[in-house]
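To start, the structure under review is shown below, and the notes come after it.
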Amino acid sequence: VPGLNELLDAFFYRPDEDAGPLFELAEAVEPVSAAQEEQPEEFLAFALTSETYAVPVALLREIVKVPTLTEVPRAPASLLGVMDLRGEVMPVYDIKTRLRLPPTPRLARPEVPASAVAKASRLLVVRSEGGDAAIFVDQVLGVVRLRPSTIEPAPPGIGGGEHEYITGIGRRGEALYILLDVEQCLT
Amino acid sequence: MLERKLDELQKGILDVRMVPLGQVFDKLARLVRRIAREAGKEIDFSIAGGDVELDKLIVEELSDPLMHIIRNAIDHGIERPERREEGGKVRRGKVALRAHTQGAHVVIEIRDDGAGIDPERVKEVAVERGLITASQADELGARELLNLIFLPGFSTARSVSELSGRGVGLDVVKTNIAHLSGIIDLETEVGQGTALTLTLPVTLAIIRALVVSVSDRLYAVPLNSVLEILSVRDDEIRTVERREVVTLRGRTLPLLRLARLFDLPEKPLTRHFVVVVGLAQQRLGIVLDDLAGQQDIVAKPLGGRLRNVRGISGATDLGNRRTVLVLDVGALVEEVLAPERRVEVL
């Protein structure tokens, strides 16, 4: 019975879905001062083209390798396609155009070869009010801890416009993390 | 071993979902007597196939449309006893409700030996009610004219006393049946009577689907909405007002090139497969590149963010972890045959 086989299929562990361990970025570098007892928040840092972005770890469900996607006809351009996440139909979005970055190749199209995207690319499966979704990223960089008080608001003219896609900018030493509002990016 | 147990379990679950149509038929029989009395008609009501089983969910949704069709047959179909005698018929009108299984479908027929539906009368009423203009009406064939009775706001009752008086028409019946992936066929002859045939899937839980390919993409088409499959040469496709059609047994079948609708790169083929689908009384031929086979599928709704994607009702997994989208045949028919729907708003 194919129907049931499919249901059972969902329970099996698949090594190719395993996105590998995450390492923490600059975890030990921060000197802990007694004056600052503020709890740092955890963000997942990732690359979109050459820029580094981050989203709160609490919003993440999981990180998976990019599977074969199915193109959805007549869907908005930001929808790369849908994937089968252990029996769940999960929409996969490309948020780069929102951020004025060059778009990800339409890899759900049979005409686009799988080699069009880098091996390091991953899908971040995020929890969201409008329904959970997966976001295509070029590379996952790791977890970064940022103190809320050190997060700068987005400079005027950046991330502004109709939607506030960017909630702020986090810094650790030389590194710059652009913090995203997942909900806005998926709207 | 586990698989066999699961097979049995699945069958068990399906069995529990199945109920005989008799439940609804008995209720209708009681209603017929009341409706006939109220309408001043003499009716012989016969039932066959009450033991035919259907998905509980479908049976529950069938009661209203069946009642409406039968009420129509008695109110508008069967003539008054005196009138029948004048016409050389027996005083008592016949209304027959029959069901039988046909493969994965159940066919329910409601037949009366009443006055039949006159296409000319339908035309007059449709124009009178402002459903279509006189010039539009003149362009319609007999069959298209009959289809007008499924439009909202249509009723051919000549006097108020003859009206079912419930403010709903066959458009509601059409919507209900289409919702159950069913098909309505209407057959009528003036003076001889009318037969409405409903073809419904036996179950909604696991659907059998035809897997098709267009521009190297796979889609699943619920088999319960597929009427037949044709192989069509390019030169057999003609255009009427720039819309592509083929002739199928003397009737014009409008075509939909899925690759064009979905904006996919079209393959240069000289032969196409055409899957003929139906929604209620409408027919459409979906032009495809190839057929990949048949399969039982569990269709999952796209839900959440993808609810508004047109023409797709859900997704399924064909067992190889590749998601295949399930075409929403009803929505495609409605979308492509939209110019006919525009008639309603005029």
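Screening the candidates B:VAL95, B:VAL59 for the property of being within 15 Å of B:THR194 (Cα to Cα), of a type outside the set (Ser, Thr, Tyr) and surrounded by 20 or more Cβ atoms within 10 Å (Cβ to Cβ) yields one hit, B:VAL95. Taken over the range B:311-332, the criterion of being touching a Gly at 6+ places or on another chain (Cβ under 6 Å) and within 11 Å of B:PRO301 (Cβ to Cβ) is satisfied by B:VAL326, B:ASP328. Pairs meeting the criteria (first residue in the range B:76-100 and touching a residue at least 12 places away in the same chain (Cβ under 8 Å), second residue of a type in the set (Phe, Trp, Tyr) and part of a helix (DSSP H, G or I), beta carbons under 8 Å, at least 6 apart or on different chains) are B:LEU97/B:PHE25; B:ALA99/B:PHE25.
Just to be sure before I move on: is B:LEU288 crowded, with 23+ Cβ neighbours inside 10 Å and in contact with a His (Cβ under 8 Å, 6 or more places away or on another chain) in the structure I sent? Taking the combined requirement at face value, the residue satisfies it.
If only residues of the range A:73-113 that are basic (Lys, Arg) and under 26 Å from B:LEU318 (Cβ atoms) are counted, the one that is surrounded by the most Cβ atoms within 10 Å (Cβ to Cβ) is A:ARG109. Restricting attention to the range B:220-251 and to residues that are surrounded by fewer than 16 Cβ atoms within 10 Å (Cβ to Cβ) and hydroxyl-bearing (Ser, Thr, Tyr), the residue that is nearest to B:VAL298 (Cα to Cα) turns out to be B:SER231. Taken together, the residues in the range B:105-133 that are in contact with a strand residue (DSSP E or B) (Cβ under 6 Å, 6 or more places away or on another chain) and of a type in the set (A, V, I, L, M) amount to 5. Considering the range B:107-124, and only residues there that are β-branched (Val, Ile, Thr) and in contact with a helix residue (DSSP H, G or I) (Cβ under 8 Å, 6 or more places away or on another chain), the residue that is farthest from B:LEU170 (Cα to Cα) turns out to be B:ILE108.
Out of all the residues in the range A:73-85, which are part of a loop (DSSP other than H, G, I, E, B) and within 9 Å of chain B (Cβ to nearest Cβ)? Across the range A:73-85, the qualifying residues are A:PRO73, A:ARG74, A:ALA75. Residues of the range A:114-157 that are among the small types (Gly, Ala, Ser), within 14 Å of chain B (Cβ to nearest Cβ) and surrounded by 16 or more Cβ atoms within 10 Å (Cβ to Cβ): A:SER128, A:ALA133, A:ALA134.
Restricting B:GLY193, B:GLY182 to residues that are at positive phi and buried (at least 21 other Cβ atoms within 10 Å of the Cβ) narrows the list to B:GLY193.
None of the figures in this text is laboratory data; all of them are computed from the coordinates on show. The structure displayed is predicted, hence computed values, not measured ones. Note that we place each Cβ from the backbone using ideal geometry, even for glycine, and neighbour counts take in every protein chain shown.
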